[in-house]
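My questions will all concern the structure given below.
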């Protein structure tokens with residue numbers, strides 16, 4: 001594929017592409033809103049039609065107990081790799097509606113951006129892959145690789161039906177690499193590949209003493225207070241350098257190569273901007289690491305919720321019968337969530353005082369994910385981005401988990417590339433969601449170029 | 001008053017006394033139940049009638065925005081002390097009703113006890129003072145002291161109208177000593193005087209960071225977590241010996257004389273019984289003190305409630321915007337609640353990290369109370385108990401506060417004697433409330449003897 005031809009083609013179709021995207025953005029496919037059930041189906045059907053019209057074959061809706069999954073493929077490149085493209089057509093709710101400058105389901109171009117719910121998360125990015133397919137086909141009859149598509153309508157409500165579908169349709173979805181465009185680039189004109197996600201180990205720590213709340217006048221000072229003991233236990237989970245004190249917690253953490261840390265260090269970062277985005281008082285974390293390193297390459301432990309005793313208005317003088325903390329640990333590649341949960345429980349058994357009953361309840365967990373930077377598919381994506389954006393892409397990690405990444409990796413045994421074209425400040429879950437148009441069109445070019453690059457690896 | 005005559009008289013009236021008490025116990029004066037408003041008034045009127053019939057004068061209902069207060073007096077002993085008797089005619093709710101062996105408002109004698117809601121808390125004990133008055137009058141025309149009575153109908157719902165009434169009726173209630181029979185003896189056949197109460201300083205400690213909950217995938221490990229910081233701060237409020245670490249916290253605590261500690265030590269106590277009553281796993285508290293000492297002569301600090309972040313079912317991966325603990329300190333005589341709250345706030349300012357915002361909000365407080373053991377009125381009560389029970393009374397303290405004690409002390413400047421005839425296991429707030437009849441009749445004798453003893457001091 002000649003890049004200048006491709007680029008000219010995409011630029012010449014700007015208005016048509018925006019109009020077509022608008023027809024999907026106008027559909028109110030809010031998965032969290034039960035009254036929008038009809039809109040969900042209409043959106044799945046509209047996208048199916050669009051897939052057929054660009055030449056994708058075997059397009060099919062798979063019904064679930066929730067919203068349908070949309071599948072399609074184009075498999076005519078014998079002996080060449082197969083790429084599975086994932087996206088989602090459901091969107092976040094729109095409240096508070098009054099804060100939208102233009103209505104969320106009336107796509108509007110203002111300045112360099114297209115405003116609409118779903119523009120960046122994820123209809124716009126899903127649409128990039130349809131137009132990449134169409135553009136490639138129009139410019140060069142034969143596709144150099146095989147393509148499969150799976151689009152879901154429940155990403156914003158936990159992807160509950162996607163995981164079992166993937167596991168029960170391994171053959172249908174079998175691929176050499178999975179490409180997901182549902183994340184953000186590090187910044188404007190900063191082509192980005194995300195190659196690692198943190199995992200998660202979630203638990204509840206409960207401290208109990210008497211079966212009922214005790215009057216603190218009758219017993220205060222003479223029995224252990226579960227809320228105080230819980231606070232003590234939590235305090236003992238970190239040392240003064242911000243490190244987690246659970247024995248063997250860091251044993252499986254891989255040393256991150258100097259060149260990867262250098263790559264992170266070259267990313268633009270300012271405390272001021274970090275504090276603006278977070279709203280926090282100050283950066284804080286494990287000594288010896290930058291904010292991005294704390295988020296991406298270091299495991300952490302946070303209390304997500306804590307409760308016990310009297311929590312209403314005013315004052316009640318009781319010793320709580322019990323107090324509970326929800327605690328999660330973000331894990332980095334090579335750590336095992338099951339092992340970490342066991343280490344946590346063992347440490348608590350070691351330090352919990354005998355004056356109370358202490359229990360650790362394991363909740364959900366997910367493994368960290370890593371696609372090696374030097375994987376051929378990553379290199380292919382990198383080269384495509386470099387051609388389109390005119391600069392080497394930035395390699396970043398992500399501090400959170402994306403459950404479907406793990407499911408694809410585990411069920412299909414295929415590496416996942418997170419090739420996001422959004423931006424961190426595009427309000428993906430807030431009013432005035434928008435999509436930077438430059439990245440939208442460059443995304444189409446990048447996705448089309450990727451076919452060639454992958455075919456050659 | 002000849003004691004054997006008095007004793008014979010009371011014993012001869014057993015059945016009549018129980019029947020009369022029954023007529024009050026049958027009234028469903030549950031102050032927490034708005035539908036029982038009529039019963040509250042009926043109970044106040046029935047008690048007024050009973051007061052008049054025994055010879056108490058100037059009996060009057062004082063209306064409040066809640067339930068009426070009942071006043072009465074008998075002031076004919078010029079130059080002699082005046083005693084104000086306090087009691088309450090409202091009772092606790094009765095649920096769960098199914099757990100009562102006999103209906104709560106059908107007084108029933110079983111074995112040595114009278115079963116009914118209000119039998120020990122506090123109608124039975126209030127009634128003791130009416131029958132003491134009646135018995136004394138019947139045996140000896142003239143009363144050697146002056147008596148005033150104030151009975152409220154809102155003790156179980158916070159005595160909201162009592163305090164302003166006392167403050168606005170100082171002259172009416174003016175007395176040399178206040179006697180309250182609304183507490184328990186330490187055990188069966190253990191005549192008891194309670195001479196000290198702990199005070200209270202209550203506050204809310206809040207730690208905040210970002211204005212909204214943050215996604216722990218996006219920020220976990222790179223900003224201070226308010227719930228973790230709160231836990232750290234709470235953990236630093238005690239040392240490993242169970243002592244409060246706030247600087248100067250113990251400065252004003254009076255050394256308790258060896259003889260008072262010896263008095264506490266001679267009280268029957270077993271860990272087994274303490275654990276049965278509390279339901280706790282083990283005794284725990286400040287090193288170097290017994291359970292009773294921890295409760296009575298040592299100040300303590302307890303978390304009464306704690307909350308922050310996600311507290312629903314399941315898992316949510318957020319860094320809480322804020323976390324709050326309700327914390328109260330029980331204070332011992334000579335400590336000042338205001339000073340202690342200031343010391344707490346100063347310590348938090350000293351140890352709170354600069355990575356969060358920390359605030360201390362002062363809530364309610366109350367001063368500790370102490371009536372010296374060698375006060376003439378205490379000695380008079382002690383002698384009365386010794387005559388009736390045949391043994392020296394036990395002197396105990398109470399770990400909690402009784403707000404009306406402080407109000408009487410402050411507003412009237414009179415010492416308060418807690419001369420309780422209940423027992424700790426008489427279910428005062430639970431199903432099957434009962435009153436040990438031996439103590440009921442001996443209480444009447446004690447209260448009547450007290451007139452002579454107080455007149456002579």
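Starting from the Cα gyration tensor of the stretch B:361-435, take the square roots of the eigenvalues, sort them a ≥ b ≥ c, and report rounded, prolate or oblate (rounded when a/c is under 1.5, otherwise prolate if a/b is larger than b/c, else oblate). Each step should come with its number before you reach the end.
Values: a/c = 2.50, a/b = 1.16, b/c = 2.17.
Judged from the Cα gyration tensor, the stretch B:361-435 comes out oblate (a/c at least 1.5, b/c at or above a/b).
Please report, in whole Å, how far the alpha carbons of the stretch A:151-212 spread along each principal axis, starting with the longest.
Taking the Cα atoms of the stretch A:151-212, the three principal extents are 57, 37, 21 Å.
In addition: In nm, what is the difference between 0.36 nm times the number of residues separating residue B:212 and residue B:76 and their Cα-Cα distance?
Answer, rounded to one decimal: 42.1 nm.
Assuming a ≥ b ≥ c are the square roots of the Cα gyration tensor eigenvalues, decide whether the protein assembly as shown counts as rounded (a/c under 1.5), prolate (otherwise, with a/b larger than b/c) or oblate.
prolate
A further question on this structure: Evaluated at 4 °C with a viscosity of 1.567 mPa s, what Stokes-Einstein diffusion coefficient in µm²/s does the stretch A:290-390 have when Rh comes from the Kirkwood expression over alpha-carbon pairs?
Details: Rh = 17.8 Å.
Answer, rounded: 73 µm²/s.
Okay, next question. If each of residue A:52 and residue B:188 carries a label point 7 Å out from its Cα toward its Cβ, how far apart are those two points in nm?
8.9
Right, another one. Across the residues of B:294-301, average count of Cβ atoms on other protein chains within 10 Å?
The shielding value for this peptide is 4.
Measuring from label point to label point, each 7 Å out along Cα→Cβ, what is the residue B:5 to residue B:63 span in nm?
4.5
Hey, can you rank B:268-275, A:113-120 by average C-beta count inside 10 Å, highest first?
A:113-120, B:268-275
Where does helix A:226-235 land angle-wise versus the long Cα axis of chain A, in degrees 0 to 90, nearest 10?
Orientation of helix A:226-235: about 60 degrees from the principal axis.
Here's a follow-up. Where both partners of a DSSP beta bridge lie in the protein assembly as shown, what percent of those bridges are antiparallel, to the nearest 5? Spell out each step's value before the answer.
Working: 103 of 147 bridges.
Taking every DSSP beta bridge within the protein assembly as shown, about 70 percent pair in antiparallel fashion.
Sticking with this structure for a sec: For residue B:262 and residue B:282 in the same chain, what is the full-extension length gain: residue separation times 0.36 nm, less their Cα-Cα distance, in nm? Walk me through the numbers before you get to the answer.
Numbers: separation 20, 0.36 × 20 = 7.20 nm, distance 2.36 nm.
So the chain would gain 4.8 nm between residue B:262 and residue B:282.
When you have a sec, figure out the Kirkwood radius of the stretch A:323-457 from all distinct Cα pair distances and drop it here in Å to one decimal?
Mean inverse Cα-Cα distance, inverted, gives 18.5 Å.
Now, a different point. When B:218, B:328 are ordered from fewest to most other Cβ atoms inside 10 Å of their Cβ, what list results?
On the way: B:218 17, B:328 26.
The order, fewest Cβ neighbours first, is B:218, B:328.
Report the relative contact order of the stretch B:21-170, percent, no decimals, based on alpha-carbon pairs under 8 angstrom and at least 6 residues apart.
Contact order relative to length: 32 percent.
What shape does the stretch A:66-174 take by its C-alpha gyration tensor, where a ≥ b ≥ c are the square roots of the eigenvalues and a/c under 1.5 counts as rounded, a/b above b/c as prolate, and the rest as oblate?
It comes out oblate by the Cα gyration axes.
A follow-up question, please. Please compute the average number of Cβ atoms from other chains found within 10 Å of each residue's Cβ in peptide B:320-331.
Average per residue, whole number: 4.
At 7 angstrom along the Cα-to-beta-carbon line, where would the label on residue A:372 sit relative to the other copies? Give the distances in nm, shortest first.
8.6
Here's a follow-up. Do you know the relative contact order of chain B, to the nearest whole percent, from alpha carbon pairs under 8 angstrom that are 6+ apart?
Answer for chain B is 26 percent.
Subtracting the Cα-Cα distance from 0.36 nm times the residue separation, let me have the gained length for residue B:160 to residue B:251 in nm, one decimal.
So the chain would gain 29.4 nm between residue B:160 and residue B:251.
For the stretch B:50-149, what proportion of DSSP beta bridges, expressed in % and rounded to the nearest 5, is antiparallel?
About 70 percent, rounded to the nearest 5.
Where both partners of a DSSP beta bridge lie in chain B, what percent of those bridges are antiparallel, to the nearest 5?
70
Taking the label point as lying 7 angstrom from Cα along the Cα-to-Cβ axis, what are the distances from residue A:14 to the corresponding position in the remaining copies, in ascending order and in nanometres?
Reported distances to equivalent positions: 10.5 nm.
Average projected area of the Cα convex hull of chain B, in nm²?
For chain B, the mean projected area of the Cα convex hull comes to 24.5 nm².
Continuing with this model, one more query. Sort A:186, B:195, B:250 so that the residue with the fewest other Cβ atoms within 10 Å of its own Cβ comes first and the one with the most comes last. Each step should come with its number before you reach the end.
On the way: A:186 19, B:195 25, B:250 13.
Least to most surrounded, the residues fall as B:250, A:186, B:195.
Taking every residue in A:276-289, how many Cβ atoms of other protein chains lie within 10 Å of its Cβ, on average?
The mean count of partner-chain Cβ atoms within 10 Å per residue comes to 6.
Using a 10 Å cut-off around each Cβ, can you sort A:154, A:19 from fewest to most neighbouring Cβ atoms? Please list the in-between numbers first.
Working: A:154 21, A:19 10.
Sorted ascending by nearby Cβ count, the order is A:19, A:154.
At residue A:313 and residue B:33, where each label point lies 7 Å from the Cα along Cα→Cβ, what is the point-to-point distance in nanometres?
2.6
Provide an ascending nm list, one decimal, of label-point separations from residue B:158 to the equivalent residue in each further copy; define each label point as 7 Å from Cα along Cα→Cβ.
With the label placed 7 Å along Cα→Cβ, residue B:158 yields 3.8 nm.
Taken together, the values in this text are just the output of simple stated rules run on the coordinates, not laboratory data. These numbers come from a predicted model, not from an experiment. Glycine gets a Cβ as well: all are built from the backbone with ideal geometry, and neighbour counts include every protein chain shown.
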